[in-house]
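Engineer: Before anything else, here's the structure in question.
The values are calculated or read from the model by the stated rules, or taken from the named source; none is laboratory data. What you see is a predicted model, and the numbers here were worked out from it, not measured in a lab. All Cβ positions, even for glycine, are placed from backbone atoms using ideal geometry, and neighbour counts span all protein chains on display. Ligands, DNA and RNA are stripped out before the accessible areas are found, and what is left, the full protein with its side chains, is counted by its heavy atoms. Shrake-Rupley method; radii C 1.70, N 1.55, O 1.52, S 1.80 Å.
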Amino acid sequence: MKIQSIRFGMLGVPLKTPFKTSMRTVKEIEDVVVIMETDTGHVGYGSAPATAVITGETHGSIIEAINKVISPGLIGREIEDLNTLTDSIQNSIVKNFSAKAATEIAVYDLYGQLYGAPLYKLLGGGDNVITTDITISVDYIDKMVEDTMAAIDLGFETLKIKVGKDPALDIERIKAIYAAVNERALIRLDANQGWTPKQTVSVLRTLEDSGVQLELVEQPVKGDDIEGMKYVTERIHTPVMADESSFGPKEAIELIRMRAADIINIKLMKTGGISNAIKIADIAGIYGVDCMIGCMLESSIGVAAAAHIAVAKSSVITKIDLDTPSLGQYDPVRSGVQFNNAEITITDLPGLGISKIDNLTMLDIKTAPKKNWARKSTG
Ligand code: MG
């Protein structure tokens, strides 16, 4: 099975309710979809959203990086040479993690199809049912409590509360939600870099002293402030999770060795894809550090890939934050991963098992063997 060409499409899904964090408000999921075609007729899919404030990438930069820089090293290569392909993707360009992730997801999808097995089985196997949390966007207290109650009614047992706007108001938000939840669900906080280290310690100590029990607090301070993360981790009882501070395996090693975080949040769009996500899980496992697997606000193609990794690495990836398919008004993607509110189930379909993508707008860009281009330009 040889990679013959790579094409691109755009996929949009309107959200049920705007997604609000301390950094941004988003109303629609919009992904670049990578369509990898082979000489056997098998097609692999990958996807990536634009998250300029996190990875520095836009839809345009993702397409350009894949089309011009990453794909020339892949066209004509055999899918069975998986490690050679992932090395080529990772070494073709610095950073550009989401572009690399979208490409790797398509390659791994085809690798699964080549051997007729769902991806998680090729990565080591596991229990094919996992449970995700759901995100509650930062908003007025009444609205957050209302969203919380709706999530509990849908069967979610873990809630990820977005905070990080204003420390005093955040304390009120969390107390109100904690009281309303009344031990029916576990609460995680995600401050999305919204607090300073001292504010974080103050907020968390106030909450801890008032009896609010939180499972963890995610990325309270700026992503590049590793010293700040360490300052917080040393001073509060609530476990601290690194999200925007953790990209690839090197950052994970540094965070763990510095004891700057208790938990690592793995996202394919930050690691540069599946190969590095696996490395991080294995590194964390060596040190006895738990991981979460998360996703961006992205389509269920990339989230499906994350679910496969979560199942295969479940001894380390003990926390699942793959809720974006249930935040959309509908899911245009039919794959081997079924998202049913809190419950995610993986079927036995090969690879990612993608059989249909509705409303995919194809772009007039195709990466194909060089000779085609030469013929065109000399013709
Ligand atoms: Mg986060």
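Engineer: Below 8 Å, C-alpha to C-alpha, sequence gap of six or more: please give me the relative contact order for region 121-356 in percent.
Structural biologist: 19 percent
Engineer: Please list, by residue number, every one of the trypsin sites (Lys or Arg not before Pro) in region 232-314 that is coil in DSSP and has at most 16 other beta-carbon atoms within 10 Å. Walk me through the intermediate numbers first.
Structural biologist: Details: sites: Arg235, Lys250, Arg257, Arg259, Lys267, Lys270, Lys279, Lys313; in loops: Arg259, Lys267, Lys313.
For trypsin sites (Lys or Arg not before Pro) across region 232-314 that sit outside H, G, I, E and B with at most 16 neighbouring Cβ atoms in 10 Å, the list reads Arg259.
Engineer: Sticking with this structure for a sec: Report the charge-dipole magnitude of the chain in Debye, nearest 20, computed about the Cα centre from +1 at each Lys and Arg Cβ and -1 at each Asp and Glu Cβ.
Structural biologist: Its charge dipole is roughly 1100 debye.
Engineer: Before rounding to the nearest 500, sum -39500 (n - 2.57) across all DSSP H runs of length at least 4 in the chain and divide by the residue total; then give [θ] at 222 nm in deg cm²/dmol.
Structural biologist: Dividing the helical sum by the residues of the chain leaves -11500 deg cm²/dmol.
Engineer: Apply 1/(1 + (r/R0)^6) to the Cβ-Cβ distance of Asn182 and Thr361, taking R0 = 51 Å, and write down the FRET efficiency to the nearest 0.05.
Structural biologist: 0.65
Engineer: Quick one: if the Förster radius is 25 Å, what FRET efficiency do Glu208 and Leu154 give, using the C-beta to C-beta distance and rounding to 0.05?
Structural biologist: Values: r = 29 Å, r/R0 = 1.15.
Result of the calculation: an efficiency of 0.30.
Engineer: Now a separate question. I need the peptides 179-190, 237-248, 332-343 ranked by packing, meaning the mean over residues of other C-beta atoms within 10 angstrom, with the highest value on top.
Structural biologist: Working: 179-190: 17.4, 237-248: 22.1, 332-343: 20.1.
In decreasing order of mean packing, 179-190, 237-248, 332-343 become 237-248, 332-343, 179-190.
Engineer: Still on this structure, I have one more. With θ taken as phi - 60° and the coefficients 6.51, -1.76 and 1.60, list the Karplus ³J(HN,Hα) couplings across region 107-114 in order, rounded to whole Hz; mark glycine and proline as x.
Structural biologist: Each residue's phi maps through the Karplus curve to give 5, 5, 4, 5, 4, x, 5, 4 Hz.
Engineer: If you roll a 1.4 angstrom probe over the protein chains with everything in place, what fraction of the accessible area of region 121-356 belongs to carbon and sulfur, to the nearest %?
Structural biologist: Ligands and nucleic acids excluded, carbon and sulfur reach 47 percent.
Engineer: Based on the mean of other beta carbon atoms within 10 Å per residue, what is the order of 123-134, 204-215, most packed first?
Structural biologist: Listed from highest to lowest mean packing, they are 123-134, 204-215.
Engineer: With the other protein chains left in place, how much accessible area per residue, in square angstrom, belongs to region 121-356 at a 1.4 angstrom probe? Mind dumping the intermediate values first?
Structural biologist: Numbers: 9020 Å² over 236 residues.
Accessible area per residue: 38 Å².
Engineer: Sticking with this structure for a sec: Mind ranking 26-37, 1-12, 99-110, 72-83 by how tightly packed they are, going by the mean number of other C-beta atoms within 10 angstrom, highest first?
Structural biologist: Details: 26-37: 21.8, 1-12: 18.2, 99-110: 29.7, 72-83: 15.8.
So the peptides 26-37, 1-12, 99-110, 72-83, ranked by packing, come out 99-110, 26-37, 1-12, 72-83.
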